[in-house]
Amino acid sequence: MARFSKVLLALDLESCSGNLIDRVLQTCVEEFAAIHVVHVVRKSMCDLSELHSKQGLAPHARRDIDHMMLRLRDLLRSHGLIIPSTNLHIRFGEPAAEIKRLGKELQADLLIVGSQNKGEQWLPLPGPTTNCVLQGSTADVMAIRV
């Protein structure tokens, strides 16, 4: 496997996120010089306007972000990954777009996403978020079935 200097791992903080972390650790963690982790909160446009006040981030939004950051850090630690706070990201918006946007900002070589397909399908296809990340991404994408 080629060496990747910067990797972005997208987690959704659902029950299958632990499976994704375990699969990443089993397959390629020694390849990563720097790993960033992102959790994207799906918000509508009206919800996004409520996040900011005139003084900056609204207090309830800051509390929610801090809580999500703790959950993210705890999840990673429970699977043996200690990631610096500067490499943990919480974003709001449409998940695929935010994952690709952050990947571009970080100049990531590889984006890792979990691929969930609901139910037992005869032809397992990637879920909609994974499919959108795959399309139009400037970095390599690794979709791991969870």
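The values are calculated or read from the model by the stated rules, or taken from the named source; none is laboratory data. No experiment lies behind these values; they were computed from the predicted model shown. Cβ coordinates were reconstructed from backbone atoms using ideal geometry, including for glycine residues, and neighbour counts include every protein chain displayed.
Within region 49-76, the only residue that satisfies the criterion of being modelled with pLDDT under 65 and surrounded by 13 or more Cβ atoms within 10 Å (Cβ to Cβ) is L51. Looking only at region 29-46, decide whether some residue is under 17 Å from L72 (Cβ atoms), modelled with pLDDT of 80 or more and in contact with a Pro (Cβ under 7 Å, 6 or more places away or on another chain). Checking region 29-46: at least one residue is under 17 Å from L72 (Cβ atoms), modelled with pLDDT of 80 or more and in contact with a Pro (Cβ under 7 Å, 6 or more places away or on another chain).
Checking I112, I90 one by one, the residue that is under 11 Å from the mean Cα position of the chain (by Cα), modelled with pLDDT under 95 and over 19 Å from V24 (Cβ atoms) is I90 and no other.
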